[in-house]
Amino acid sequence: MKLKAVRGTKDIFGDDAVKYDYIVETAKKIFTSYGYSRIITPIFEETSLFKRGIGEGTDIVEKEMYTFLDKGERSVTLRPEGTASIVRSYLEHKVYGKEDSTKYFYHGPMFRYERPQAGRYREFNQIGVEAIGGNSPILDAETISMGYKLLEALGLEELEVQINSVGGNASRVKYRQKLVDFLSDKKDVLCEDCKTRYYKNPLRVLDCKNQNCQDITKDAPNLVDSLSIEENEHYSEVKKYLEVFGVNYSENPRLVRGLDYYSNTVFEIVTNKLGAQGTVLAGGRYDGLLKTIGDKDIPAVGFAAGIERIMLLLGDNVKKETPKVYIAWLGDEVKEYAFKVAETLRKSYINSYIEFDEKSMRAHMKKADKLGINFAVIIGTEEMESGKVLLKNLAEREQESLGVEEVAEKLSK
Ligand code: ATP
Ligand code: MG
């Protein structure tokens with residue numbers, strides 16, 4: 001029996017693992033500068049949390065959840081996204097009683113039963129933020145800007161920030177009717193999914209990836225034309241502050257997002273380099289979610305970005321680190337000394353490569369070259385007796401006799 005990773009899952013190692021860490025570390029620096037702190041929630045939750053939070057009638061709840069009964073007959077679900085869990089945690093710990101506004105960031109695996117393709121997996125990783133307890137449109141703009149700045153800091157190019165406002169419930173109900181009227185004589189030619197959406201959740205038709213459905217909805221009425229005065233003002237302020245923060249954006253009236261909980265501002269940062277998987281980062285304001293989950297009127301805004309999609313866009317400039325120094329020891333009598341030297345260098349966090357078995361000088365140099373290492377520490381009896389080592393710059397073919405601490409200092413630079 002050949003064992004393989006389950007369909008839609010994958011291993012991340014080598015250069016990819018370095019990319020993963022680079023993304024997370026860059027994000028952490030940027031998010032921290034906006035006052036966000038890390039939150040870690042469980043990978044699985046009670047199924048009802050996602051049903052309620054994400055909404056029946058969404059793709060996720062209808063067909064993408066990994067739901068199972070545990071041995072205690074409880075229905076649990078591997079989290080398909082991060083927001084519902086974070087809101088559950090926030091409410092459970094009554095964080096609202098301790099601070100006016102709370103800013104969390106997270107990263108980790110999410111699970112959705114989807115058709116695997118490049119940039120679409122069944123287990124994938126997201127990095128995201130949630131700012132809970134603020135209703136200012138400046139916060140919306142700041143959140144969008146922060147997401148954009150993350151992708152920019154990672155060196156991603158040709159990204160487009162798309163925004164829209166989906167208003168509040170009342171406006172959406174009004175719009176829903178207009179859209180249903182518009183679609184009523186076209187529903188038979190929609191894709192199978194959209195035929196269902198037409199009855200269950202017609203706004204989702206705007207979000208369909210099927211080209212034919214997109215052509216059909218091209219002339220559909222715009223949601224922004226159904227917004228109230230306050231919602232319009234909110235949207236204008238978001239746009240104003242995006243300009244203040246120097247974020248170029250375009251308005252996409254068809255942007256409705258796949259989840260039920262959004263209100264007012266929604267946004268996506270897209271690329272045309274990943275085919276149908278073009279959305280790298282997506283989010284919005286979800287003022288109604290805390291009411292739905294915990295009966296609290298607390299507004300919030302957030303986003304999530306697909307780490308694998310960012311990794312696909314990162315290119316080759318992030319690579320696994322090669323060892324900095326090759327420790328070449330010559331003769332069994334210096335072996336223990338050589339390993340002590342390695343320990344000393346590693347104490348200064350210098351990536352040191354050392355062979356367990358004896359080798360000739362020629363073989364050592366060949367190996368160092370193969371590994372792409374620029375420095376060698378050479379240890380023979382003479383070095384051991386004087387308590388020193390020979391540090392050799394392999395590219396420039398220069399060498400000097402130094403104490404181990406001196407080598408550590410030199411290579412740390
Ligand atoms: P899509 O329209 O691509 O299915 P979505 O609207 O379902 O995305 P969100 O739930 O908003 O996506 O998730 C935010 C981000 O997470 C997406 O923009 C994408 O980068 C990433 N993402 C979502 N689903 C997957 C997946 N199955 N595999 C890899 N990344 C994903
Ligand atoms: Mg999806």
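The values are calculated or read from the model by the stated rules, or taken from the named source; none is laboratory data. What you are looking at is a predicted structure, and each value in this text was computed from that prediction instead of being measured. Positions of Cβ are generated from backbone atoms using ideal geometry, with glycine treated the same way; all protein chains shown enter the neighbour counts.
The table for this structure:
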quantity	calculated
Residues satisfying the stated conditions in the stretch 194-219, i.e. of a type in the set (D, E, K, R), part of a helix (DSSP H, G or I) and farther than 23 Å from GLY283 by Cβ	LYS195, LYS200, ASP215
Strands (runs of 3 or more DSSP E) fully within the stretch 243-357 counting 1 or more residues that are of a type in the set (Lys, Arg)	279-285
Number of the condition not met by GLY288 [criteria: (1) within 16 Å of ligand 2 (Cβ to nearest atom); (2) in contact with a strand residue (DSSP E or B) (Cβ under 7 Å, 6 or more places away or on another chain); (3) modelled with pLDDT under 95; (4) not hydrophobic (A, V, I, L, M, F, W, C)]	(1)
Unmet requirement for VAL173, which otherwise passes all of (1) free of Cβ contacts under 8 Å to residues at least 40 places away in the same chain; (2) part of a helix (DSSP H, G or I); (3) in contact with a Lys or Arg (Cβ under 9 Å, 6 or more places away or on another chain); (4) of a type outside the set (Phe, Trp, Tyr)	(3)
Residue in the stretch 117-135 that is free of Cβ contacts under 8 Å to residues at least 60 places away in the same chain and more than 16 Å from TYR36 (Cβ to Cβ) present	no
Any pair with Cβ under 7 angstrom, 6 or more apart, that starts in the stretch 50-65 at a residue that is among the hydroxyl-bearing types (Ser, Thr, Tyr) and ends at one that is away from ligand 2 (no atom under 11 Å from the Cβ)	THR58/ASP260
Residue tally, condition modelled with pLDDT of 95 or more and either β-branched (Val, Ile, Thr) or surrounded by 12 or more Cβ atoms within 10 Å (Cβ to Cβ) (or both), over the stretch 59-100	24
